[in-house]
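The values are calculated or read from the model by the stated rules, or taken from the named source; none is laboratory data. Here the structure is a predicted model, which is why all the values come from computation and not from measurement. Cβ atoms come from the backbone with ideal geometry, glycine included; neighbour counts cover every protein chain shown.
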Amino acid sequence: MAVSTPPRKLRVAVVGGGIGGLTFAIALSHHAPSVDIDIYESASTFGMVGAGIGMWPRVWDALKAIGLKDELDRYSASATGAGGKQHYRKADQAEGITFGTSMVDLVTIHRPDFLRILLESGSSSYRTHFQKRLLNYHDSGAGPITLNFKDGTVATCDVLVGADGIKSVVRTGMYEQLASQWEEVNGSCCSNERSDALRLNKNPTWTGQVVYRSLIPTEVLARANPTHHSLSVPTLYVGKNKYIITYPISGGKLINTVALVSKPELNGTIYSGPLVEAVSRGELMDNFVGWEPQVQTILNLMEKPLRWVINSIVSLPSFVSGRVVLLGDAAHAMTPHQASGAGQAIEDGLVLASLLARPETTRETLPIALQTYDEIRRPFSQDILRRSYETGQIYYLQSRRMKDVTAESSANGSVSTETLEGLCGDLREAFRWTWSTAVTSDCDQAVDLLRRKLQKIEA
């Protein structure tokens with residue numbers, strides 16, 4: 001009697017051990033413990049540094065569904081003041097004006113705290129390989145995908161997940177391969193405009209914006225001003241072409257402080273200087289001359305600020321090629337104005353895991369499962385990318401309501417209460433998705449679409 005051979009385990013390689021890659025690995029192992037998962041991280045350890053990140057309840061709740069409930073509930077219980085509704089304050093004038101609040105609470109957490117939760121929850125569900133910097137990969141479509149690393153080692157997998165950030169090597173290889181394939185098919189009979197356009201997707205572009213980051217000990221701010229707005233609520237201090245956001249992290253011990261400056265005419269250009277640079281407090285304060293005392297207090301307490309260039313990956317035509325797939329910043333690096341960069345990486349991982357965990361997903365059906373991921377996640381995440389940029393225009397007082405307002409007239413207090421109330425309405429609409437949609441529904445929709453695709457093929 002012949003003995004049937006069980007199907008070989010699906011082998012998944014994740015390049016990049018950040019929030020998106022780790023969440024995907026945990027979610028996939030939660031839904032499909034039999035899948036082999038290897039994470040390849042270029043650093044010598046997971047990066048336990050960074051500032052605060054924000055997550056909307058739809059993401060926070062979805063994380064609880066993949067086995068993180070106890071850890072997240074424990075964090076929420078201990079993190080006094082960790083989040084809440086954001087308060088909007090016009091601050092580029094001698095006396096600031098509070099003019100509204102967000103509709104839903106933003107959960108805030110220190111990035112190292114969140115990484116610690118992920119690592120403690122899922123460290124036994126995948127294998128981790130450090131100091132593995134990917135040079136390139138080869139996917140012929142037949143046989144395993146080959147990964148080549150800088151240290152000379154080679155690995156193989158059935159599906160490659162590029163979670164390697166905005167400077168993604170996986171994305172670079174994907175779009176170089178797509179451009180080369182187009183040229184091979186079309187030869188010299190056509191112009192190279194299409195292949196040139198595909199290659200442009202390899203590199204990010206500058207949004208014309210920079211961000212200054214710092215962490216302020218809560219007790220230090222309390223000594224400087226015991227009644228400061230930032231001590232009690234997450235606050236956005238907005239003004240013409242600039243704004244500051246503050247919120248508590250680490251159980252209320254620190255105030256995450258982010259100051260942003262926009263030059264919209266430079267959006268879409270290439271930034272030629274260093275992407276991260278330590279700067280003087282003087283440079284920072286020069287950007288906010290004349291702003292209200294609450295802002296001046298914050299700026300005076302921002303020790304050793306770092307200036308980060310905000311680049312973006314705007315509109316990739318696909319997150320998928322063959323058996324290779326992108327998630328997080330590798331697919332859709334976005335501006336921080338909707339506090340959704342980390343959240344969208346997490347959502348990518350949850351939807352992708354829900355598809356790869358299905359028993360219908362085999363080596364033969366992998367391309368269909370990945371195309372399904374692309375059909376669900378690419379339109380949604382690129383819509384959030386667009387909304388984030390437009391939200392920044394509202395915060396920077398650059399939107400249609402404020403297009404005729406100059407920095408001088410804004411500083412003179414000439415913006416009416418009616419206009420500010422209109423900005424609140426615009427923000428409510430921009431953020432509507434955070435309370436009117438659910439990640440779990442997206443996962444269900446993806447699985448249903450995959451089933452229908454496969455049934456159509458079998459019919």
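A few comments on the model shown:
- Scanning segment 361-381 for residues that are charged (D, E, K, R) and either more than 16 Å from Arg323 (Cβ to Cβ) or buried (at least 24 other Cβ atoms within 10 Å of the Cβ) (or both) yields Glu375, Arg377, Arg378.
- Within segment 371-394, residues that are modelled with pLDDT of 95 or more reach partners that are basic (Lys, Arg) with beta carbons closer than 7 Å, at six or more positions or on different chains, in the pairs Thr372/Lys453.
- Of the criteria (1) in contact with a helix residue (DSSP H, G or I) (Cβ under 8 Å, 6 or more places away or on another chain); (2) within 19 Å of Val211 (Cβ to Cβ), which one Thr297 fails: (2)
For (1) part of a helix (DSSP H, G or I); (2) under 21 Å from Val261 (Cα atoms); (3) within 18 Å of the chain's Cα centre (by Cα), each residue gets a yes or a no:
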residue: Ile376; (1), (2), (3): yes, no, yes
residue: Phe380; (1), (2), (3): yes, no, yes
residue: Asp383; (1), (2), (3): yes, no, yes
residue: Ser388; (1), (2), (3): yes, yes, yes
residue: Thr391; (1), (2), (3): yes, yes, yes
residue: Asp444; (1), (2), (3): yes, no, no
residue: Lys453; (1), (2), (3): yes, no, no
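- Identity of the residue in segment 118-167, among the hydrophobic types (A, V, I, L, M, F, W, C) and surrounded by fewer than 18 Cβ atoms within 10 Å (Cβ to Cβ), that ends up nearest to Gly20 (Cα to Cα): Leu119
- Among the residues of this structure, Gln398 counts as one that is surrounded by fewer than 21 Cβ atoms within 10 Å (Cβ to Cβ), at pLDDT 95 or above and closer than 30 Å to Gly96 by Cα.
- Some residue of segment 216-226 being polar (S, T, N, Q), within 23 Å of Gly290 (Cβ to Cβ), touching a residue at least 40 places away in the same chain (Cβ under 8 Å) and buried (at least 21 other Cβ atoms within 10 Å of the Cβ): no
- Some residue of segment 195-202 being touching a residue at least 24 places away in the same chain (Cβ under 8 Å) and in contact with a Ser or Thr (Cβ under 6 Å, 6 or more places away or on another chain): yes
- Which numbered condition Asn186 fails, given (1) at pLDDT 95 or above; (2) farther than 30 Å from Ile26 by Cα: (1)
- Single residue of segment 401-413 satisfying the filter (among the charged types (D, E, K, R) and in a helix (DSSP H, G or I)) that is surrounded by the fewest Cβ atoms within 10 Å (Cβ to Cβ): Glu408
- Segment 206-218, residues that are among the polar types (S, T, N, Q) and either within 22 Å of the chain's Cα centre (by Cα) or closer than 25 Å to Leu427 by Cβ (or both): Thr207, Gln209, Ser214
- The set of residues in segment 356-374 being part of a helix (DSSP H, G or I) and among the acidic types (Asp, Glu) consists of Asp374 alone.
- Output for segment 163-202, where each listed residue is of a type in the set (Asp, Glu) and either under 20 Å from the mean Cα position of the chain (by Cα) or on the phi > 0 side of the Ramachandran plot (or both): Asp164
- Of all the criteria given as (1) at positive phi; (2) of a type outside the set (S, T, N, Q); (3) at pLDDT below 90, the one not satisfied by Gly208 is (3).
- If the condition is being out of contact with any strand residue (DSSP E or B) (no Cβ under 7 Å at 6 or more places or on another chain) and assigned to a helix (DSSP H, G or I), then segment 335-355 contributes Gly341, Gln344, Ala345, Ile346, Glu347, Asp348, Gly349, Leu350, Val351, Ala353, Ser354, Leu355.
- Residue within segment 149-162 that is within 13 Å of Gly322 (Cβ to Cβ), at pLDDT 95 or above, part of a helix (DSSP H, G or I) and within 22 Å of the chain's Cα centre (by Cα) present: no
- For segment 251-296, residues that are in contact with a Ser or Thr (Cβ under 9 Å, 6 or more places away or on another chain) and of a type in the set (S, T, N, Q) total 6.
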